[in-house]
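Visitor: The structure under discussion is supplied below as structure tokens; questions concerning it will follow.
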Amino acid sequence: MKRLNRFGFTVAILVLVMSLVLAACGGKKESNGSSASASGSAPASSDNSGGKSGSKTELLFWTPFSGPDGSFMKSIVDNYNKQSDKYFVKYQIQPNGDYYKLLDNAFGTKKNMPDFMIMHLDSIPTYAKKDLLLPMDDLAAKAGIQKSDYVEAAVDYANIDGKWMGIPLDIHPLIMYYNKDLFQAAGITAPPTNKEEFLAAAKKLTDPSKGQWGYVMPTQWPQQFLFPSLVYQQGADLADADGKPTLNTPAAVAALEFEKSLIFEHKVSPQKVAQDGEVKLFLQGKNAIQFNGPWMKDQWDKAKLNYGVAPIPVFFDKPGVFAGSHNFVVPKSQTDPNKLDGIGDFLKYVAGHSIDWAKSGQAVASKAVLNSEEFKALNTQQTEVAKEFDYVHFAPPVPNWGSYVGELWKQINLVLLNDGDVKKALDEAQAKAEQAAAANK
Amino acid sequence: MKGSLRSRLTSSLFVLPYFLCFCVFLLYPLISGIILSLQNNDMLGTHEFVGLQNYIDIFTPGTYIHDAFFRGLWGTVKFVVYSVPFLILVGLALALLVNSLNARVRGVFRTIFFIPYAISATVMATIWMRVFDTDSGFLNLMLDKLHIHHQQHIGWFTDTPWVWIALVVSTIWWTIGFNMMLFINGLNEVPEELYEAAKLDGANAWNRLTRITLPSIKNVTAVVMVMTIIASFNVFAQPNLMTRGGPGFETTVMLMNVFDVAYGQHQGGAASAMAILLGLIMMIVSAAVYRLLFRKEA
């Protein structure tokens, strides 16, 4: 009897454990199921008795906006949902750092796929070449969206093999931030626009005895934006027309030599700058100028800095700046015509209403919004950023480009830390990039 | 007969939950990892079986993955060599210190030393980047006040060997609580009578430590050592967030490269092969350490 009790007890525990495990699995399956039905052809069939959202087609929308920018996109989505009686955009923020991991997982397992999502412009070639993205041409034509509605640079880039693969939301180039108080104290009235003005200002602003620097040179991020900008300003690029890396060209050498000279020759930057060192010094008012992305605005505002924004100076022959861009893309697996109409409807709405996104500090890619009085009335950052739109460049349209230049950033880091040999370092980066190209079957 | 069958069934049922979890969370991922390493898999839905090609590539000089593997391995091994002795010695020292406190404050200090272990990697990195930054970091500003390295700051994250010191110190701060707890548990197991007897025989504190404490906690030490070695081989967050693998590729550890190959190159098979080789190396090293510690008894 006793033994039987114990046996019964064990079975009970076991049933409990099993039911927990199964419940977890079941939960997962259920969510798979709902997403499967969501991507099926039937409109959302939830039985929200009388609920208005119940009769709307739900569109699952993924974004990587886990920073302060998330709420700005949310207000666009909320406003859209309020005015649409046919579609309901379900806004889902994924953690920024894991975004492409999660996206790759969804593509790889073909489970939990969003109906449409945000993708960085320079990631589009990687996914387009794998035939994972749906060309937007038909969707755009049906919704009345035209290429001429957006800034050319982004549209041209997303035009892959004659098909339009992504509709741009914004373009975020490198921009110049400067500390207005330090500028005033040094008697500088306007932000520098070329190399001579930049050097003169940076030298005036540098006072090592006070630990104050004209321009603190980053040795890691955001070199990914800075170094290519200096190359573009010489009319060169980091890859040729065939997508072969060209990292040791004379232009690349000149770009890195210039960066190095700011530390070791002109001495307007301290040595041995660690990751984010230039940001920390800028926040402390000990770095007068820095180049960074528009997304830094929030940090400066919170620190109550008195800062100005201006386009990147022209250090070489012509204006040029590296930029990223957020784009809307649709996975190839999305074939439900009703949903595609809904996505088109939403994107058309965004093109007219992305002013909310501009409020996050970004300059948007929709010309209608760029030319609106409302946009021009925003504080200076957005309009200064938009000034660079005529000469923005994006990363070479090569699949997995990031792995080509991994070595480049390490070599730049070493040169800037150790006063190293520029040509030798870039030759090394070029050799590694060619290895990566060979592995990129 | 019936009873013994039932009892055998009962005992197997006790193991079943663990066995299920083992299958779901260990065996299945391990087997799929091995299968993945035999494929050319872009992690985006297309894959083909390539046999041992990924492993062959790793051992073929001049390939992208060869350099990724061996450079990463070198970085990881350096971290293991520099960090493990300190993680064990400091953990043991803290355990001895905390245990020698009187019972009322012991719990307080145990908690204080354990708190960093519960902190997320990002927070840990933010804290230590503020301490170790070259120009605005707390440490260098303190050294300034003492007029040490005033002219040229130490690049805690940008120069060797400082970068390793910075990584080891922040790792100790972040994870030492765990080792300390294991050692405290081990120390509590040592019979009090041994110490009393030793005291009567006139053994001093050092003798009591080396003759009684250390031999008594040998099992715990072995466990701590193996776990620490495994944890240090798996180092990722500290260099990834704080040094970004710099200066150059000095602190670019294996898992950073596995990540790069998997998600930067979209070569899931090659990345998996790297991870499995790393796992094998960890197993061999752990087994060797375990053998070494128990050689006398065997």
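The values are calculated or read from the model by the stated rules, or taken from the named source; none is laboratory data. Just so we're clear, the structure is a prediction, and the values are computed from it rather than from any experiment. Methodologically, a virtual Cβ is constructed for each residue, glycine included, from the backbone with ideal geometry; neighbour enumeration extends over all protein chains shown.
Visitor: Restricting region A:259-293 to residues that are in a loop (DSSP other than H, G, I, E, B) and among the β-branched types (Val, Ile, Thr), which is nearest to the other protein chains (Cβ to nearest Cβ)?
Guide: Only one residue fits best here, namely A:273.
Visitor: State whether one or more residues within region B:240-257 are closer than 17 Å to residue B:178 by Cβ and either within 13 Å of chain A (Cβ to nearest Cβ) or surrounded by fewer than 24 Cβ atoms within 10 Å (Cβ to Cβ) (or both).
Guide: No, because not a single residue in region B:240-257 is closer than 17 Å to residue B:178 by Cβ and either within 13 Å of chain A (Cβ to nearest Cβ) or surrounded by fewer than 24 Cβ atoms within 10 Å (Cβ to Cβ) (or both).
Visitor: I've got another one for you. Residue pairs, Cβ under 6 Å, 6 or more apart or interchain, first in region A:425-439 and under 15 Å from residue B:61 (Cβ atoms), second crowded, with 19+ Cβ neighbours inside 10 Å and at pLDDT below 95. List them.
Guide: Close Cβ pairs (under 6 Å, with a partner that is crowded, with 19+ Cβ neighbours inside 10 Å and at pLDDT below 95) amount to A:432/A:407; A:435/B:64; A:439/B:64.
Visitor: Any residue that is within 10 Å of chain A (Cβ to nearest Cβ), at pLDDT below 95 and touching a Phe, Trp or Tyr at 6+ places or on another chain (Cβ under 8 Å) - is there at least one of those in region B:19-38?
Guide: Within region B:19-38, not a single residue is within 10 Å of chain A (Cβ to nearest Cβ), at pLDDT below 95 and touching a Phe, Trp or Tyr at 6+ places or on another chain (Cβ under 8 Å).
Residue-by-condition table, conditions (1) over 26 Å from residue B:136 (Cβ atoms); (2) basic (Lys, Arg); (3) out of contact with any Leu (no Cβ under 8 Å at 6 or more places or on another chain):
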residue: A:208; (1), (2), (3): no, no, yes
residue: A:216; (1), (2), (3): no, no, no
residue: A:248; (1), (2), (3): yes, no, no
residue: A:268; (1), (2), (3): no, no, no
residue: A:276; (1), (2), (3): no, no, yes
residue: A:284; (1), (2), (3): no, no, yes
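Visitor: Hey, among the residues in region B:258-277 that are touching a Leu at 6+ places or on another chain (Cβ under 7 Å) and either charged (D, E, K, R) or more than 9 Å from chain A (Cβ to nearest Cβ) (or both), which one's farthest from residue A:435 (Cα to Cα)? If you could, list the steps in order and put the result at the bottom.
Guide: From region B:258-277, those touching a Leu at 6+ places or on another chain (Cβ under 7 Å) are B:266, B:268-269, B:272; that's our starting set.
Then keep just the ones that are either charged (D, E, K, R) or more than 9 Å from chain A (Cβ to nearest Cβ) (or both); that gives B:269, B:272.
Working: B:269: 17, B:272: 19 Å.
Across region B:258-277, the extreme among qualifying residues is B:272.
Visitor: Which of the residues spanning region A:409-427 are more than 10 Å from chain B (Cβ to nearest Cβ), touching a helix residue (DSSP H, G or I) at 6+ places or on another chain (Cβ under 6 Å) and either closer than 14 Å to residue B:68 by Cα or in a helix (DSSP H, G or I) (or both)?
Guide: Just the residues of region A:409-427 that are more than 10 Å from chain B (Cβ to nearest Cβ), to begin with: A:419, A:421-424, A:426-427.
Subset that is touching a helix residue (DSSP H, G or I) at 6+ places or on another chain (Cβ under 6 Å): A:419, A:422-423, A:426.
Listed by number, the residues that qualify are A:422, A:423, A:426.
Visitor: Please verify whether residue B:69 is touching a residue at least 12 places away in the same chain (Cβ under 8 Å), assigned to a helix (DSSP H, G or I) and not basic (Lys, Arg), treating the condition exactly as stated.
Guide: Yes, satisfied.
Visitor: As an exercise: evaluate residue A:276 against (1) touching a helix residue (DSSP H, G or I) at 6+ places or on another chain (Cβ under 7 Å); (2) on the phi > 0 side of the Ramachandran plot; (3) surrounded by fewer than 20 Cβ atoms within 10 Å (Cβ to Cβ) and give the number of the one condition it does not meet.
Guide: All conditions are met except number (3).
Visitor: With the structure loaded, tell me whether residue A:334 is polar (S, T, N, Q), surrounded by fewer than 17 Cβ atoms within 10 Å (Cβ to Cβ), in contact with a helix residue (DSSP H, G or I) (Cβ under 8 Å, 6 or more places away or on another chain) and over 23 Å from residue A:193 (Cβ atoms) or whether it fails that test.
Guide: Answer is no for this residue.
Visitor: Taking residue A:329 as the residue in question, decide whether it is under 17 Å from the mean Cα position of the chain (by Cα), under 23 Å from residue A:108 (Cβ atoms) and assigned by TED's automatic domain parsing to the domain that holds residue A:149.
Guide: So residue A:329 fits the description; yes.
Visitor: Please list, ordered by first then second residue, the pairs with beta carbon atoms under 6 Å, 6 or more apart or interchain, first in region A:335-351 and assigned by TED's automatic domain parsing to the domain that holds residue A:82 and touching a residue at least 12 places away in the same chain (Cβ under 8 Å), second acidic (Asp, Glu) and outside any helix (DSSP H, G or I).
Guide: Qualifying pairs under 6 Å: A:339/A:115.
Visitor: For region B:119-133, which residues satisfy the criterion of being out of contact with any Asp or Glu (no Cβ under 9 Å at 6 or more places or on another chain) and either under 27 Å from residue A:213 (Cβ atoms) or without any contact (Cβ under 8 Å) to a residue 24 or more places away in the chain (or both)?
Guide: B:120, B:123, B:125, B:126, B:127, B:128, B:130, B:131, B:132
Visitor: Condition (residue is part of a loop (DSSP other than H, G, I, E, B) and modelled with pLDDT under 95) applied to region A:346-355: is it met by at least one residue?
Guide: Yes, that holds for at least one residue.
Visitor: Can you name every residue in region A:91-106 that is assigned to a loop (DSSP other than H, G, I, E, B) and more than 14 Å from every other protein chain (Cβ to nearest Cβ)? Break it down into steps so the answer makes sense when it comes.
Guide: In the first step, residues of region A:91-106 are kept if they are assigned to a loop (DSSP other than H, G, I, E, B); the result is A:94-95.
Selection gives A:94 alone.
Visitor: While we're here: Give region B:145-200 a look and list any residue that's loosely packed, with under 15 Cβ neighbours inside 10 Å and within 13 Å of chain A (Cβ to nearest Cβ), or say none.
Guide: Selection gives B:145, B:149, B:150, B:151, B:152, B:160.
Visitor: Now for a separate question. For a quick check of your reading of the model, give me the residue pairs whose first member lies in region B:136-160 and is on the phi > 0 side of the Ramachandran plot, whose second is in a helix (DSSP H, G or I), with beta-carbon atoms closer than 9 Å and at least 6 apart or on different chains.
Guide: Between residues of region B:136-160 that are on the phi > 0 side of the Ramachandran plot and residues that are in a helix (DSSP H, G or I), the close pairs are B:149/B:140; B:149/B:143.
Visitor: Same structure, new question: Within region A:366-376, does at least one residue satisfy the condition of being assigned to a helix (DSSP H, G or I) and within 14 Å of chain B (Cβ to nearest Cβ)?
Guide: No, because not a single residue in region A:366-376 is assigned to a helix (DSSP H, G or I) and within 14 Å of chain B (Cβ to nearest Cβ).
Visitor: Do you know which residues across region A:107-152 are over 19 Å from residue A:171 (Cα atoms), in a loop (DSSP other than H, G, I, E, B) and free of Cβ contacts under 8 Å to residues at least 60 places away in the same chain?
Guide: Selection gives A:135 alone.
Visitor: Residues B:70, B:49: which one is surrounded by fewer than 13 Cβ atoms within 10 Å (Cβ to Cβ) and more than 11 Å from chain A (Cβ to nearest Cβ)?
Guide: Among B:70, B:49, only B:49 is surrounded by fewer than 13 Cβ atoms within 10 Å (Cβ to Cβ) and more than 11 Å from chain A (Cβ to nearest Cβ).
Visitor: Please go through region A:294-308 and give me each residue that is small (Gly, Ala, Ser) and in a strand (DSSP E or B), ordered by number.
Guide: Of everything in region A:294-308, just one residue is small (Gly, Ala, Ser) and in a strand (DSSP E or B), namely A:308.
Visitor: Could you identify the single residue in A:138, A:149, A:156 that is at pLDDT below 95, more than 14 Å from every other protein chain (Cβ to nearest Cβ), closer than 18 Å to residue A:326 by Cα and surrounded by fewer than 18 Cβ atoms within 10 Å (Cβ to Cβ)? Spell out how you get there, then give the answer.
Guide: Details: A:138 fails: closer than 18 Å to residue A:326 by Cα; A:149 fails: surrounded by fewer than 18 Cβ atoms within 10 Å (Cβ to Cβ).
Answer to the check: A:156.
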